[in-house]
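Take a look at the structure below.
Every number here is computed from the coordinates shown, using simple stated rules; none is lab data. Source: prediction; values computed, not measured. Quick reminder, even Gly has a Cβ in these numbers, built from the backbone with ideal geometry, and neighbours come from all protein chains shown.
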Amino acid sequence: MGIIDKLNKDFESRVRLGIMSVLMVNDWIDFTEMKSLLNITDGNLASHSSALEKSGYIEVKKEFVGKKPKTSYRVTNLGRAEFVAHLNSLEKLFKSK
Amino acid sequence: MSQKIQEDLSHIRSMMERSSRFISLSGLSGIFAGLFALAGSIYAYQLFKNNGIEYFDGKQKLYSYDLIIELVIIACGILVLALGSFIFFTLRKSKKFDLPVWTNTTKKMLLNLAIPLLVGGVFCMALLYHQLFALIAPVTLLFYGLALINAGKYTFSDIRYLGACEIILGCISLFYLGFGLVFWAIGFGILHILYGIIVFKKYK
């Protein structure tokens, strides 16, 4: 059971995994693009991204482009480290099966 | 549990792929671009014949102004058709796999493709202007190859091999001036078709 305990609960949902995966290989990604990449609704993305922000895994930038508000995301150093650790334990679990 | 982990891992992998590479590139567009280029080359060859020029006799040739204009128009026509098929098949593939098209990655890929292509375009116009026609075929192949390698970071890496082949071909053609049409037919025709078939089979 040891390894399973190490799995980060914050990354349990598919949506959060998706957000983190996208941000791991990109710089800033805006709300609309993230939404269409993950194929989810506005509300779904908003709630999961704010949860990740609260944990300090992602950084959120709000700005205005003309008159439209634009929200962008970027992974933090903490988020990167935690996600890599999560991937490693997933991999270990997968191999031990 | 094991299945959930496997699904998680493949989800992570696909999200990383989808967001960092332009993967709506279809092999079919390569095949069509190649076919258009071959058809154009054959048409240009016929055009030479109709103007009383035997392309393969190895003699220095003087082209009339009208003929050059016509050749430039053919080349531009092929470019438009090739770009058209590229856009068509890209949109088709992205619809089929439900992939977003106009993303940051697409923009980056196009920008990286465009920089060497635009420089090459200006270079060719200068060659036309100075009437150094023999150098146009090598220069187009070289800059196109460089553009593909540059864009390869943001799409399937196979495109870099195509770019490398175009560059090698361009270098060879520098030493066989006067056979531009042949090198064009190989570089833009045959290489595109081969590349298209390989990519189409690989990423079906």
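In this Cβ point-charge picture (+1 for Lys and Arg, -1 for Asp and Glu), segment B:25-202 has a dipole of about 720 debye about its Cα centre.
Say R0 is 41 Å: what FRET efficiency, to the nearest 0.05, do A:Lys9 and B:Leu79 get from their beta-carbon distance? The computed FRET efficiency comes out at 0.15.
Taking one quarter of the surface of the C-alpha convex hull of chain B gives a mean projected area of 12.2 nm². Dividing the convex hull volume of the alpha carbon atoms of segment B:127-204 by its residue count gives 80 Å³ per residue. Computed from Cα positions, the angle between helix B:27-50 and the longest principal axis of chain B comes to roughly 10 degrees.
Projected label points at A:Thr71 and B:Ala126, each 7 Å from Cα along the beta carbon direction, are separated by 4.9 nanometres. Helical runs assigned H by DSSP (4 residues or longer) give chain A a calculated mean residue ellipticity at 222 nm of -18000 deg cm²/dmol, each run adding -39500 (n - 2.57) before division by the residue total. Counting only C-alpha contacts under 8 Å and six or more residues apart, can you give the relative contact order of chain A as a whole percent? Once normalised by length, the contact order is 34 percent. Report the paramagnetic label zone for A:Thr41: residues of segment B:1-17 whose backbone N is under 16 Å from a point 7 Å from Cα along the Cα-to-Cβ axis. Zone members listed by number: none at all. Secondary-structure-derived ellipticity at 222 nm for chain B, considering helices only, amounts to -25500 deg cm²/dmol, per-run term -39500 (n - 2.57) for DSSP H runs with n ≥ 4. Residue-normalised convex hull volume from the C-alpha trace of chain A: 101 Å³ per residue.
Rounded to the nearest 10 degrees, the inclination of helix B:65-96 to the longest alpha-carbon principal axis of chain B is 10 degrees. Which angle between 0 and 90 degrees, to the nearest 10, do you get for helix B:2-20 versus the longest principal axis of chain B when only C-alpha atoms count? Helix B:2-20 sits roughly 30 degrees off the main axis of chain B. Kirkwood hydrodynamic radius computed over the protein assembly as shown comes to 22.3 Å, based on all pairs of distinct alpha carbons. The simple spin-label model puts a point 7 Å past each Cα toward its Cβ; for B:Leu174 and B:Phe56 those points are separated by 2.7 nm.
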